[in-house]
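Right, one structure below, let's go through it.
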Amino acid sequence: MIKTDLEEKLGIVIGKAAGQITEDEAFVSSVFSLNIPPERIHGDLSSNSALQLSKILKKNPRIIAESLVQILEKEISVSPLKDEIGKIEIAGAGFINFFIKDEYFYKKIEEIIRLDSDFGKVDLGNKEKVQIEFVSANPTGPLSIAHARQAAVGDALSRIMEFLGFSVTREYYLNDEGNQINILGNSIKLRLKELRGEKIDFPEDYYQGDYVKDMAAEIENLKLENQNFNFSEYGVKNILDGIKNDLADFNVKFNVWSSQGALSKSGKIEDTIEFLRKKDFIYDSEGAVWFKSTLFGDDKDRVIIKSDKSYTYLAPDIAYHRDKFARGFKRVINLWGPDHHGYIPRIRAAVSALGQEKDALSVIIVQLVTLLREGKVVPMSTRKASYVTLRQIIDEVGKDVARFFLVARRVSSHLDFDLDLAKKESQENPVYYIQYAFARISSILHKEKEENFPHGNADLKLLTNLEELMLMRKLAQFPLALSLCLDLFDPYPLTQYLVELAADFHKCYDKHKVLDLASLDLSCARLKLLNAVRIVLRNGLLLSGLSAPERM
RNA sequence: GUCCCUGUAGCUCAGUUGGAGAGAGCAUUUGCCUUCUAAGCAAAUGGCCGCGUGUUCGAAUCACGCCAGGGACGCCA
């Protein structure tokens, strides 16, 4: 969790004070937390230390709070904190509330403007190499709304982690061999026959989508088929191009596309199995080869080579994960759909067997999206092709609306995406609420250039209205929102924060006119504040993968 | 049967990890543009936080048990 300098320093002082009361400093330093109180009148920071201590000391929390405050006031008066902390109050059951002096926030504004696009950047990652693998949809059909959610979440998370000092590689694992790919090739072949007038019987488990017919038509039109024509290869390449194109239009980029076919050819699967066999994590039984995953907490051992000598999906996947760590990643994050959740103990076992620490692998289950049209559930199945594609979503509701919608909720939440509602509400969509704030500021700053308000050295002390003070406080909380995203491995707290920031801005905008030649000094101070708001809004929008339009 | 996710306002969802009168957006109702973008602001209405028991000074939050919805439990990928 990121703490501001102020919180850090204050935390130490509270720890000391609590230590004096309990005579056990080591214990108390971990007990309390600093929070933001529910209402402004309660101050800017709140400590529950007295409530926590009352548990151990078996005394009335308010009495403990009073002794704590006495010590705190004394300590603070002789420390640098005296310039930043104002009033200290006891409220409620025994909360100790701190009021931060406005000077602290004026300095924050200066800091934001100075750091600009770097504001909020805290080096938590120390350039640690992190791999985030997401989407990884099989190249047997276009991306669906479920993939879109993974794409939006994975991309935003990557941006945030990069911003917080990690060296992030975004990777797409391409399952470009095996049964399903053969079926894809056969599906195209059969559609081509059909196109040429042959009577065919199209099996139910073949790919039913129109894109298969389209590919068949292209093969026919361009006369691509010859003796050695590989339908599967053609299908994979064609579909993959479409996937890449869709992702690019969704503002999602990958650094590495990993091919399972290439992995097979490299011999790394055999090497990995050999490695595990030497460690005695492998045995033969019933004509198959098994991985002793129970040694590492799995329910039962898993087959990696079937009795027909072909691999199960697990074999290349273990090799793939071995390869990830061999490439130097200290932390590997997989975004998977909920249908893979039963697979987690297996792959965790494999990673442990490969000699990696437990927390080197994080698996984030991105819950399903239920797509609704006119209030009815749209069924999703790649084989049956009765689903809505990412492309359609982008075309129908727009990239920003879709991305915001997909990223603004906890990944562990099931999500209802009503297409008609999304379109209908697009006028009132929260993403526009945020972008509108940015556009309004841009407009003022644009106008200011014509009229020339010299706000570079403006006196921020002139900002004393409640709305302005609230806005400044919200700006200072930006790093907190980012750190929450990192703690949860989920970008939604950032979008939440941006809505709040935009709301504080709109309130301020509505009440206080910025550009007024009659009160030049005040105008300049407000311009400086707006500049800081503009910077934070822009940083936040970009980290969420959303655009920051200057006009709307 | 076992495991995972979810259950909070009419709808979609937050609730900073156990704290202060339960919040936001949409929907409904009512005000506010001769002034920097009304894609905005202000206000009203709306709650057995799925149900029960327990732990605690304190529970939407933790534990246990139910109920409901979704998903996973292969020598498929």
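The values are calculated or read from the model by the stated rules, or taken from the named source; none is laboratory data. Since we're looking at a predicted model, the values are computed, not measured. Glycine gets a Cβ as well: all are built from the backbone with ideal geometry, and neighbour counts include every protein chain shown.
Listing for the model above:
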{"read-out": "Within region A:516-552, considering residues that are assigned to a loop (DSSP other than H, G, I, E, B), surrounded by 15 or more Cβ atoms within 10 Å (Cβ to Cβ) and hydrophobic (A, V, I, L, M, F, W, C), the one farthest from the chain's Cα centre (by Cα)", "value": "A:A548"}
{"read-out": "Checklist (1) modelled with pLDDT under 90; (2) among the aromatic types (F, W, Y); (3) more than 25 Å from A:T370 (Cβ to Cβ) applied to A:F438, failing item", "value": "(1)"}
{"read-out": "The one condition in (1) at negative phi; (2) surrounded by fewer than 17 Cβ atoms within 10 Å (Cβ to Cβ) that A:G267 fails to fulfil", "value": "(1)"}
{"read-out": "Which listed residue, of A:A217, A:A151, A:A146, is modelled with pLDDT under 90 and among the small types (G, A, S)", "value": "A:A146"}
{"read-out": "Residues that are touching a residue at least 60 places away in the same chain (Cβ under 8 Å) and surrounded by fewer than 22 Cβ atoms within 10 Å (Cβ to Cβ), drawn from region A:151-163", "value": "A:R159"}
{"read-out": "Odd one out for A:P430, checked against (1) modelled with pLDDT of 90 or more; (2) within 12 Å of RNA strand B (Cβ to nearest atom); (3) closer than 25 Å to A:S117 by Cβ", "value": "(1)"}
{"read-out": "Among the candidates A:V212, A:V168, A:V153, residue that is in contact with a strand residue (DSSP E or B) (Cβ under 9 Å, 6 or more places away or on another chain) and in a helix (DSSP H, G or I)", "value": "A:V153"}
{"read-out": "Region A:171-209 - residue that is of a type in the set (D, E) and in a loop (DSSP other than H, G, I, E, B) and, of those, farthest from RNA strand B (Cβ to nearest atom)", "value": "A:E198"}
{"read-out": "Verdict on A:G43 being modelled with pLDDT of 75 or more and on the phi > 0 side of the Ramachandran plot", "value": "yes"}
{"read-out": "Odd one out for A:L295 among (1) within 9 Å of RNA strand B (Cβ to nearest atom); (2) surrounded by 13 or more Cβ atoms within 10 Å (Cβ to Cβ); (3) more than 28 Å from A:G545 (Cα to Cα)", "value": "(1)"}
{"read-out": "Selection count, region A:44-65, where residues are within 42 Å of the chain's Cα centre (by Cα), more than 27 Å from A:M472 (Cβ to Cβ) and not aliphatic (A, V, I, L, M)", "value": "5"}
{"read-out": "Selection from region A:45-70 of residues that are under 13 Å from A:F98 (Cα atoms), more than 10 Å from RNA strand B (Cβ to nearest atom) and surrounded by 20 or more Cβ atoms within 10 Å (Cβ to Cβ)", "value": "A:A65, A:L68"}
{"read-out": "One residue from A:D280, A:D214 being within 30 Å of A:G154 (Cβ to Cβ) and more than 15 Å from RNA strand B (Cβ to nearest atom)", "value": "A:D214"}
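Listed here are the residues, each with its yes/no results for (1) modelled with pLDDT under 95; (2) in a helix (DSSP H, G or I); (3) in contact with a helix residue (DSSP H, G or I) (Cβ under 9 Å, 6 or more places away or on another chain); (4) farther than 25 Å from A:V130 by Cβ.
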residue	(1), (2), (3), (4)
A:F254	no, no, yes, no
A:L276	no, yes, yes, yes
A:V289	no, no, yes, yes
A:K309	yes, no, no, yes
A:D317	no, yes, yes, no
A:R322	no, yes, yes, no
A:F329	no, no, yes, no
